[in-house]
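Everything below concerns the one structure shown next.
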Amino acid sequence: MLKAISRLAIFVAISLSLTLTVAAQDKRQNEPGQFDFYVLALSWSPSFCAAASERASGRPLQQCGERPYSFVVHGLWPQYEQGFPEYCQRDKTRIERDLVTSMLDLMPAPQLVYRQWDKHGTCSGLPPRAYFDSVRKARALMKIPPQYLQVTTPLTVTPDEIEDAFVGANPGMTREAIAVRCDSQRLSEVRVCLTKDFRFRDCGEVDRRACGRDKLVMPPVRGG
């Protein structure tokens, strides 16, 4: 009987602790504008298109047409020091079509623009135009290393080489401010952490989720 009571007490204590922890985590969960920093995600478009071709979905993708895309903006994501908010919009108002069109030079598919606003932009605390102005400002800040500007043949690289190249091309960036992501064999994207006023900053949690492979392939840009 005493053992049963003891186990019950331990269970109640653990449950209370978990409840308090969740409450602490959720205090500002999904509150627009309440976040610590941004992640700018730059996707290597040739890898995206290669993966899409392997899936053979049959649906043509705008990003994978004749225009030769290299690094494209996947998104600008508000982040907490641990975790991130998402889908912070309280209503279902859609962003204006002309705004979507204006972003296609950086984010080459309307559905990508809509999805990034719904999932991430709504958490920025900014109206749509101001948020996408921030996307453009963040992208303008980022210098692509010269060796990745015109990739005409497949490149075999290491995650460290990619990080070093970006750090070398962007004064103020450190290795702890950038994370390389990959699929089973290819570079997927580069994620860079920025303060709310668009300065490079370290981000341990993002960096820890980086690609762990020794070698990656960067497929060439279409038409290369």
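The values are calculated or read from the model by the stated rules, or taken from the named source; none is laboratory data. All values reported here derive from a predicted model rather than from experimental measurement. Heads up, the Cβs are rebuilt from the backbone with ideal geometry, glycines too, and the neighbour counts pull from every protein chain shown. Protein only, heavy atoms only, side chains kept; ligands, DNA and RNA dropped before computing areas. Shrake-Rupley method; radii C 1.70, N 1.55, O 1.52, S 1.80 Å.
From (1) modelled with pLDDT under 75; (2) more than 22 Å from R186 (Cα to Cα); (3) small (G, A, S), pick out the condition that doesn't hold for G83.
The failed condition is (1).
Which pairs have Cβ atoms under 8 Å, sit 6 or more apart or on different chains, and link a residue in region 183-201 that is at positive phi and at pLDDT 95 or above to one that is surrounded by fewer than 21 Cβ atoms within 10 Å (Cβ to Cβ) and of a type in the set (S, T, Y)?
F198/S134
Filter region 88-108 down to the residues that are loosely packed, with under 11 Cβ neighbours inside 10 Å and either within 14 Å of Q63 (Cβ to Cβ) or not charged (D, E, K, R) (or both) and list them by number.
Scanning region 88-108 gives a single hit, T93.
Would it be correct to say that R94 is touching a Lys or Arg at 6+ places or on another chain (Cβ under 8 Å), in a loop (DSSP other than H, G, I, E, B), basic (K, R) and modelled with pLDDT under 90? Outline the logic, then answer.
Details: touching a Lys or Arg at 6+ places or on another chain (Cβ under 8 Å): no; in a loop (DSSP other than H, G, I, E, B): yes; basic (K, R): yes; modelled with pLDDT under 90: yes.
Spelling it out, it is not the case that R94 is touching a Lys or Arg at 6+ places or on another chain (Cβ under 8 Å), in a loop (DSSP other than H, G, I, E, B), basic (K, R) and modelled with pLDDT under 90.
For region 186-224, which positions are surrounded by 13 or more Cβ atoms within 10 Å (Cβ to Cβ) and more than 30 Å from S124 (Cα to Cα)?
R186, R213, L216, V217, M218, P219, P220, V221, R222, G224
Would you be able to tell me the number of residues in region 60-84 that are within 11 Å of the chain's Cα centre (by Cα) and open to solvent by less than 20 Å² (accessible area, probe 1.4 Å)?
5
For region 156-165, check the following and say yes or no: at least one residue is assigned to a helix (DSSP H, G or I), open to solvent by 20 Å² or more (accessible area, probe 1.4 Å) and aliphatic (A, V, I, L, M). It would help to see each step written out before you state the result.
Of all residues in region 156-165, those assigned to a helix (DSSP H, G or I) come to 159-165.
Right, trim to open to solvent by 20 Å² or more (accessible area, probe 1.4 Å) and you get 160-161, 164.
Add one more test, that the residue is aliphatic (A, V, I, L, M), and what stays is none.
No, region 156-165 contains no residue that is assigned to a helix (DSSP H, G or I), open to solvent by 20 Å² or more (accessible area, probe 1.4 Å) and aliphatic (A, V, I, L, M).
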